[in-house]
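> Have a look at the structure that comes next, please.
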Amino acid sequence: MRNARLAWGDVHRLIGVWSMWFLAVIIVTSLWYLVESLGGDAPPHPSVDVPPTALEGPALAARLGPSLAAAQASYPDLRIEGIVFPSRRNGAFQFQGQDGAILVRDRANAVWTSAETAETRLVSDARDLGLHQRLGEAADPLHFGTFGGLLTKIVWFAFGLALTGLCVSGAAIYGLRIARGRDGRASAKDAALAVWRGMGVWRWVSIAAIATAFILLPGLLAGLAG
């Protein structure tokens, strides 16, 4: 069991060292989210008020083609990634995507067109945003690893999984160290019991936090799907 503890320790330290850059990115972007929640969010992006349209269903869908053509003519270099349909507050299509600016969300580059007339009402280029706005835009791509497509998403997933694994390896090392007897040996069961007892009252806090995450997960997934 001593060899197992040493092996866990080596793996734990190796993952910790190689994950430091990723942890730094997550910490910095999380602090930025805290700043935004306290009122330090960036100024709003350029927008335009278009009178709400009375078009609905097939009639509104029929206006998508002309508006798309107008958007592509107004901003030929825009790689459209998403379309926001008119709402009760604003009667404009929003064509959002990417161009030359790095580390920005799709909304930073956008073309607004009137659903009624297919007239371009606003063209927004992320390269024209201020420093505060660019910092705010960079937070999400860096925090979630979406800036490089599937490749960076896989990298972020792998390192996120590695950091989660540190919790497991750390608990295993602690349990093996505490549970070992005079002969220096400890069973997996003894190690698990040592971890459980060692957590004290915090075991219930951890269980509550994990349960809360699973309870909130369906709502989060539903929001992303919507």
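The values are calculated or read from the model by the stated rules, or taken from the named source; none is laboratory data. Predicted, not measured: the structure shown is a model, and the values here were computed from it. Using ideal geometry, Cβ is built from the backbone for each residue, glycine included, and neighbour counts are taken over all protein chains shown.
> Of the numbered conditions (1) buried (at least 17 other Cβ atoms within 10 Å of the Cβ); (2) free of Cβ contacts under 8 Å to residues at least 40 places away in the same chain; (3) in a loop (DSSP other than H, G, I, E, B), T117 satisfies every one except a single condition; which is it?
Condition not satisfied by T117: (1).
> Could you check region 126-146 and list, in sequence order, the residues that are surrounded by 18 or more Cβ atoms within 10 Å (Cβ to Cβ) and part of a loop (DSSP other than H, G, I, E, B)?
Selection gives L129, G145.
> Does L103 qualify as being within 22 Å of the chain's Cα centre (by Cα), in the same structural domain as V195 (by TED's automatic domain parsing) and either closer than 30 Å to G16 by Cβ or not in a helix (DSSP H, G or I) (or both)?
For L103, the condition - within 22 Å of the chain's Cα centre (by Cα), in the same structural domain as V195 (by TED's automatic domain parsing) and either closer than 30 Å to G16 by Cβ or not in a helix (DSSP H, G or I) (or both) - is not met.
> Looking at region 149-157, is at least one residue surrounded by 13 or more Cβ atoms within 10 Å (Cβ to Cβ), of a type in the set (G, A, S) and closer than 30 Å to E81 by Cβ?
no
> If I filter region 96-114 down to residues being more than 25 Å from A54 (Cα to Cα) and among the small types (G, A, S), which single residue comes out as surrounded by the most Cβ atoms within 10 Å (Cβ to Cβ)?
Among those residues, the one meeting the criterion is A108.
> Also: Given the residues R121, R134, which is the only one that is among the basic types (K, R) and out of contact with any strand residue (DSSP E or B) (no Cβ under 7 Å at 6 or more places or on another chain)?
So the residue among R121, R134 that is among the basic types (K, R) and out of contact with any strand residue (DSSP E or B) (no Cβ under 7 Å at 6 or more places or on another chain) is R134.
> Here's another thing I want to ask about it. Could you run through region 163-173 and say how many residues are over 17 Å from the mean Cα position of the chain (by Cα) and surrounded by fewer than 18 Cβ atoms within 10 Å (Cβ to Cβ)?
Of the residues in region 163-173, 5 are over 17 Å from the mean Cα position of the chain (by Cα) and surrounded by fewer than 18 Cβ atoms within 10 Å (Cβ to Cβ).
> Another one. Identify, please: which residue in region 184-226 is under 19 Å from C167 (Cα atoms) and of a type in the set (S, T, N, Q) and is, among those, modelled with the lowest pLDDT?
Going through the qualifying residues, I end up with S206.
> With (1) touching a residue at least 60 places away in the same chain (Cβ under 8 Å); (2) not assigned by TED's automatic domain parsing to the domain that holds A7 as the list, and S169 as the residue in question, which single condition is left unmet?
For S169, the exception is condition (2).
> Right, here's the next one. From the list L176, L78, pick out the single residue that is surrounded by 14 or more Cβ atoms within 10 Å (Cβ to Cβ) and either more than 18 Å from P46 (Cα to Cα) or at pLDDT below 95 (or both).
L176
> Looking at region 37-67, which of its residues are outside any loop (DSSP other than H, G, I, E, B), surrounded by fewer than 15 Cβ atoms within 10 Å (Cβ to Cβ) and not aliphatic (A, V, I, L, M)?
S37, G39, G40, G57, P58, G65 - these are the residues of region 37-67 that are outside any loop (DSSP other than H, G, I, E, B), surrounded by fewer than 15 Cβ atoms within 10 Å (Cβ to Cβ) and not aliphatic (A, V, I, L, M).
> Right, something else. For L122, are the conditions met, namely being among the hydrophobic types (A, V, I, L, M, F, W, C), over 27 Å from the mean Cα position of the chain (by Cα) and either under 26 Å from V50 (Cβ atoms) or in a helix (DSSP H, G or I) (or both)?
When the stated conditions are applied, L122 passes them.
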